[in-house]
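Chemist: Quick one: the structure is below, and I'll ask about it shortly.
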Amino acid sequence: MFEIIISEIPREGEKREFKNIKIDFEDNYYDIIKANVDFCSFFIYKSGDDIKIKGKIKGSYSLVCSRCLEIFEKDFSQDVSVTFKPFYETQREGEEIELTLKEMKVNLYKGDRISILDLIKEEIYILVPLKPLCREDCKGLCPICGKNRNKEECDCQKEEFSSKFAILKTLLKEGRK
Ligand SMILES: [Zn+2]
Ligand SMILES: [Zn+2]
């Protein structure tokens with residue numbers, strides 16, 4: 001359902017729209033759990049054997065916070081501009097070409113179909129930060145008791161501080177003797 005059949009793309013290109021796509025990231029790549037794409041709209045056309053797709057994707061995705069490990073949601077809106085080249089071309093020219101293609105944001109297609117789901121996944125991967133944060137000032141987990149410090153205060157660091165302070169005090173007293 002969410003795919004483009006290459007042989008059916010008209011010569012002048014065509015506009016395609018997709019709504020309410022739910023994607024599960026089972027591979028758990030980059031800490032993404034799932035995405036809800038509310039809307040995407042593409043203009044698809046052929047250029048020789050290349051397939052060009054331009055448009056926009058809007059929705060939200062769920063991530064794991066790198067500090068507190070809670071799952072949180074983030075809205076996104078992404079402009080898309082990708083080129084799909086037939087797989088055989090790179091096969092012919094070797095691996096080095098394949099690497100440069102990746103750098104140039106060129107994708108490959110095999111056979112007669114391009115998966116819209118894979119395309120959306122790729123676009124979301126690009127958006128995900130290296131260290132996702134549920135909010136800028138996320139306090140994270142306490143390294144001592146493991147509690148989520150966004151939700152409850154713990155006394156670990158206070159205690160640590162006061163015990164250090166106590167040691168200092170005794171040292172000072174000792175010094176005075
Ligand atoms: Zn967090
Ligand atoms: Zn604690």
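We did not get these values from a lab; they are worked out from the coordinates using the rules stated. Please read all numbers here as calculations on a predicted model, not as lab measurements. Cβ sites come from the backbone with ideal geometry, for glycine too, and all protein chains shown count toward neighbours.
Chemist: Answer rounded, prolate or oblate for the range 1-85, using the Cα gyration tensor with square roots of eigenvalues a ≥ b ≥ c: rounded when a/c is under 1.5, else prolate when a/b is larger than b/c, else oblate.
Modeler: The shape class here is prolate.
Chemist: Please turn the phi angles of the range 12-23 into ³J(HN,Hα) values with the Karplus equation 6.51 cos²θ - 1.76 cosθ + 1.60 (θ = phi - 60°), one per residue in order, whole Hz, x for glycine and proline.
Modeler: Taking θ as phi minus 60°, the curve returns 7, x, 8, 9, 10, 10, 10, 10, 6, 9, 9, 10 Hz for the range 12-23.
Chemist: Which residues in the range 30-49 place their backbone N less than 20 Å from a point set 7 Å from the Cα of Phe2 along the Cα-to-Cβ direction?
Modeler: 30-45
Chemist: Show me the ranking of peptides 131-138, 117-124, 77-84 by mean Cβ neighbours inside 10 Å, starting with the highest.
Modeler: Numbers: 131-138: 13.0, 117-124: 17.9, 77-84: 14.6.
Per-residue mean Cβ counts within 10 Å order the peptides as 117-124, 77-84, 131-138.
Chemist: So for the pair Lys54, Glu12, with labels modelled 7 Å out along Cα→Cβ, what separation do we get in nm?
Modeler: Each label point lies 7 Å from its Cα, and together they span 1.7 nm.
Chemist: Of the cross-linked pairs Lys46/Lys74; Lys22/Lys110; Lys15/Lys110; Lys58/Lys147; Lys19/Lys139; Lys19/Lys147, which ones have a Cα-Cα span greater than 31 Å in the structure shown? Write out the running numbers ahead of the final one.
Modeler: On the way: Lys46/Lys74 33 Å; Lys22/Lys110 24 Å; Lys15/Lys110 22 Å; Lys58/Lys147 35 Å; Lys19/Lys139 36 Å; Lys19/Lys147 39 Å.
Over 31 Å apart, Cα to Cα: Lys46/Lys74; Lys58/Lys147; Lys19/Lys139; Lys19/Lys147.
Chemist: List the residues of the range 48-79 whose backbone N lies under 17 Å from a point placed 7 Å from the Cα of Val128 along the Cα-to-Cβ direction.
Modeler: 59-78
Chemist: Return the distance in nm (one decimal) between the two label points of a simple spin-label model at Cys142 and Asp79, each offset 7 Å from Cα along Cα→Cβ.
Modeler: Distance between label points: 4.8 nm.
Chemist: So the label point goes 7 Å from the Cα of Cys154 along Cα→C-beta, right? Which residues of the range 46-80 then have their backbone N under 16 Å from it?
Modeler: Of the residues in the range 46-80, 67-70 have backbone N under 16 Å from the label point off Cys154.
Chemist: Suppose the chain between Lys46 and Ile167 were pulled fully straight at 0.36 nm per residue; how much longer would it get relative to their current alpha carbon spacing?
Modeler: On the way: separation 121, 0.36 × 121 = 43.56 nm, distance 7.45 nm.
Gain on extension, Lys46 to Ile167, equals 36.1 nm.
Chemist: Taking neighbour counts of Cβ atoms within 10 Å as a proxy for exposure, in what order, fewest first, do Phe42, Phe87 appear? Can you show the working numbers first?
Modeler: Numbers: Phe42 22, Phe87 14.
Taking fewest neighbouring Cβ atoms as first place, the list is Phe87, Phe42.
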